[in-house]
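In what follows, a structure is listed as structure tokens, so that the remarks can point back to it.
The values are calculated or read from the model by the stated rules, or taken from the named source; none is laboratory data. Quantities reported herein were computed from a predicted structural model and do not represent experimental measurements. Neighbour counts are summed over all protein chains in view; Cβ atoms, including those assigned to glycine, are modelled from backbone coordinates with ideal geometry. To get the accessible areas, we keep the full protein, side chains included, count just its heavy atoms, and leave off ligands, DNA and RNA. Shrake-Rupley method; radii C 1.70, N 1.55, O 1.52, S 1.80 Å.
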Amino acid sequence: MQGKIIKGIGGFYYVHDGRGRVYECKARGIFRSRKIRPLVGDDVEFSVLDEEEALGSVEDILPRKNALVRPAVANIDQAVLVFALKNPSPNFNLLDRFLIMMECQGLPSVLVFNKEDLAGEEKTALCRDIYRAAGYPLLFISVEQGQGIERVRDILRGRTTVLAGPSGVGKSSLLNALTDDRRMETGEVSSRIGRGRHTTRHSELFYLEEGTFLMDTPGFTSLEIFEKEAGQLQECYPEFAPYRESCRFLDCVHVGERECGVKTAVAEGKISAVRYENYRMIYQEIRDAKKY
């Protein structure tokens, strides 16, 4: 039989058969000898050892189209990055780090801003203006009010999607709304520190409908971006591309150069100044890290 690993805990792998049943499986020892570790999201061939108890054995791992390191998961089609418009307010530097991480792993991203009911039009417009030029699909929703849930569901349909974002923004609540089930413990935002407790403790795929899986991931508070060289960072900012040909130097990195098409576009409001300042900060961070 074929199925998909939706969870792995303590050496056991839980395989969804695509029709509504989950089997608790052990992996064959041959994987250890090959130094291959099954990942959540792997499509596998498995044998049923006990149909009544839903026990099985993972016999083979089918070819992966991709594999992420953090979170450790395979065969992801897209990332949905969830941030709140308020409580907590969006950390744009952190959001850009998430986008860079997904760009490095070749994953298209969709930005979902939650808690629209708590934010005014000014905050919504600010987020829209910052990321519209970057070309990422944007959704503004309120899980609490049930607004925009069906639009999110449409984006997920037929894909395996990873939810990512900091704690307290409503990822687990969104998952609950999409699954119509209180599957994930939700955490309250700490009024003292202004961010949520980490309520997701392991990677797990949730079956929504045929061909559609969704993963919630542990909340992050910081991300280090060292996969790329500093000069390659601009490739992760798609809105820079139309203006790079106006740079005087072919190897322009859009930081210290005077005749720079990207910097001119920022000055003219064609590229978000917020995005550009985050680019400069992360560029310098990567350069500093490469010195050691």
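How many Å² of accessible area per residue for the chain, probe 1.4 Å? Walk me through the intermediate numbers first.
Numbers: 14680 Å² over 292 residues.
The answer is 50 Å² per residue.
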*asked:* Can you find, among Tyr207, Ile130, Gly148, the residue sitting farthest towards the positive end of the charge dipole of the chain, where Lys and Arg contribute +1 and Asp and Glu -1 at Cβ?
replied: Ile130
*Rounded to the nearest 5, what is the percent of antiparallel bridges among the DSSP beta bridges in the chain?*
55
*asked:* Going by Cα centres, segment 165-180 and segment 1-54 are how many Å apart?
replied: 26
*Could you tell me which of Gly10, Phe240, Val162 has its Cα farthest along the dipole of the chain towards the positive end, charges placed at Cβ (Lys, Arg +1; Asp, Glu -1), taken about the Cα centre?*
Phe240
*Using the Cα centre as the reference, give the magnitude of the dipole from point charges on the C-beta atoms of segment 24-70 (Lys, Arg: +1; Asp, Glu: -1; all else neutral), rounded to the nearest 20 debye.*
720
_Run the simple label-point estimate for Asn93 and Val22 please: 7 Å along Cα→C-beta, distance reported in nm._
3.8
*Spatially proximal lysines relative to Lys26 (Cα-Cα < 21 Å; intrachain offsets below 8 disregarded)*: Lys4, Lys7, Lys35
*Give me the Debye-computed log₁₀ of I(q)/I(0) at q = 0.15 Å⁻¹ for the chain, equal point scatterers on Cα only, no solvent, two decimals.*
-1.17
*Once you measure Cβ to Cβ distances between cysteines in the chain, which Cys have no partner under 4.7 Å?*
Cys25, Cys104, Cys127, Cys236, Cys260
*Taking Cα atoms, how many degrees apart are the long axis of helix 92-104 and the longest axis of the chain, rounded to 10 and kept between 0 and 90?*
60
*Considering only protein heavy atoms, with the full assembly of protein chains and a 1.4 angstrom probe, order Ser246, Ser173 by accessible area, largest first.*
Ser246, Ser173
*Among Val82, Asn176, Val58, whose Cα lies farthest out toward the positive end of the dipole of the chain, if unit charges sit on the beta carbon of Lys, Arg (+1) and Asp, Glu (-1)?*
Val82
*Expressed as a whole number of Å, what is the distance separating the alpha-carbon centroids of segment 235-249 and segment 96-139?*
20
*With only Lys, Arg, Asp and Glu charged, each at its Cβ (+1 for the first two, -1 for the last two), find how big the charge dipole of the chain is about the Cα centre; round to the nearest 20 debye.*
860
*Quick one: pull the percent of accessible area on the chain belonging to carbon and sulfur, 1.4 Å probe, ligands and nucleic acids left out.*
46
_Label point distance in nm, Ser33-Glu150, each placed 7 Å from Cα along Cα→Cβ_ = 5.5
_Reachable lysines, given that their alpha-carbon falls under 28 Å from the alpha-carbon of Lys290 and they are not under 8 places away in the same chain_ = Lys228, Lys263
